[in-house]
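Peer 1: Before I ask anything, let me first share the structure, which is written out below as structure tokens.
The values are calculated or read from the model by the stated rules, or taken from the named source; none is laboratory data. Quick caveat: nothing in here was measured; it's all calculated off a predicted structure. A quick note on method: Cβ atoms are made from the backbone with ideal geometry, for glycine too, and the neighbour counts reach across all protein chains shown.
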Amino acid sequence: MKETLDSLSVGNLRLLQSESGYRYSLDPILLARFVKVKTRGRVVDLGTGCGVLPLLLARLSDAGECVGVELQPALADRAARNVELNSLSERVHIKQGDIRDIGGAFSASSFDLVVSNPPYRQPDSGKVAPNDERAAARHELAGGLADFVTAASWLLKNGGSFAMIYLAERLPELMAEMVARRIEPKRLRMVHPRQGEAARMVLVEGRKGGRPGLLVEKPLYIYRNENGVAGRDYTVEVLQMYEDSPN
């Protein structure tokens, strides 16, 4: 599969991506800017794709170690090469494996922070991409929401945090799954395309073993007006997220 070499200003990263398969979107950048990373903490990204999220977190925070878990061997290989390409092999590690068997790869309660930008559409909803990489990245073909939250709960230390970007329409399901696995939702931010439009995505952070009490932050708007074009008419806040500066 042909690859492209792309630059990402935030984190000053260079990223190999499939020319026709999975390519990262704005979502991991929003999530990287939303999370709070503990100094020298251990972070894991479930469904890492080309590795963009752990690479971002390594560059934007003082995390001690960032691990990316990816099911698809070709994507895991690409993510590992991206780690080498950005000279972050001492702090970022890629593990090829299935989040549904997370206990076979990692010990329980071994991470301070779990993040994920998972497939968020059920197999019978929406158009399934013909390319295998994109299909698995967008649709729950190899593990659904419950599997990701279950894996997060297993990996987290008590008091550790779990953060995810997900479809706004599935927020009730997400929060129910979190509470059922002792991850109490603590912060929430709705992501709207533009002012006056309904939210499409949501950023949620929870704490394992946390007490009830949810902070709903101000809405995040992606585009400035109804004629906005991705990459051209981002709001000032989103443009600032692309600046190469720590959180």
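Peer 1: So in region 93-105, with the set limited to residues that are surrounded by fewer than 18 Cβ atoms within 10 Å (Cβ to Cβ) and in contact (Cβ under 8 Å) with a residue 40 or more places away in the chain, which one is farthest from Gly144 (Cα to Cα)?
Peer 2: Across region 93-105, the extreme among qualifying residues is Gly103.
Peer 1: Residues of region 1-39 being in contact with a strand residue (DSSP E or B) (Cβ under 9 Å, 6 or more places away or on another chain) and within 16 Å of Glu65 (Cα to Cα), which ones?
Peer 2: Result: Ala32, Val35, Lys36, Val37, Lys38.
Peer 1: Are there any helices (runs of 4 or more DSSP H) wholly within region 143-247 with 1 or more residues that are in contact with a Lys or Arg (Cβ under 6 Å, 6 or more places away or on another chain) and surrounded by 17 or more Cβ atoms within 10 Å (Cβ to Cβ), and if so which?
Peer 2: In region 143-247, 145-155, 236-241 are the helices (runs of 4 or more DSSP H) which contain 1 or more residues that are in contact with a Lys or Arg (Cβ under 6 Å, 6 or more places away or on another chain) and surrounded by 17 or more Cβ atoms within 10 Å (Cβ to Cβ).
Peer 1: Take the residues in region 65-86 that are under 23 Å from Lys38 (Cβ atoms) and surrounded by fewer than 24 Cβ atoms within 10 Å (Cβ to Cβ); name whichever of them is farthest from the chain's Cα centre (by Cα).
Peer 2: Among them, the one singled out is Asn86.
Peer 1: Moving on. Can you report the number of residues in region 24-50 which are in contact with a helix residue (DSSP H, G or I) (Cβ under 8 Å, 6 or more places away or on another chain) and either under 26 Å from Thr235 (Cα atoms) or among the basic types (Lys, Arg) (or both)?
Peer 2: Final tally of qualifying residues: 10.
Peer 1: Going by the structure shown, is Ser25 at pLDDT below 95, closer than 26 Å to Lys218 by Cβ and among the hydroxyl-bearing types (Ser, Thr, Tyr)?
Peer 2: Taking the combined requirement at face value, the residue satisfies it.
Peer 1: Go through region 10-33 and give me each residue that's among the hydroxyl-bearing types (Ser, Thr, Tyr) and under 18 Å from Leu85 (Cα atoms).
Peer 2: Answer for region 10-33, where residues must be among the hydroxyl-bearing types (Ser, Thr, Tyr) and under 18 Å from Leu85 (Cα atoms): Ser18, Tyr24.
Peer 1: Take the residues of region 77-92 that are among the small types (Gly, Ala, Ser) and free of Cβ contacts under 8 Å to residues at least 24 places away in the same chain: which is farthest from Leu46 (Cα to Cα)?
Peer 2: Among those that are among the small types (Gly, Ala, Ser) and free of Cβ contacts under 8 Å to residues at least 24 places away in the same chain, it is Ser87.
Peer 1: Has region 228-242 got any residue that is touching an Asp or Glu at 6+ places or on another chain (Cβ under 7 Å) and either within 25 Å of Arg59 (Cα to Cα) or modelled with pLDDT under 95 (or both)?
Peer 2: No, because not a single residue in region 228-242 is touching an Asp or Glu at 6+ places or on another chain (Cβ under 7 Å) and either within 25 Å of Arg59 (Cα to Cα) or modelled with pLDDT under 95 (or both).
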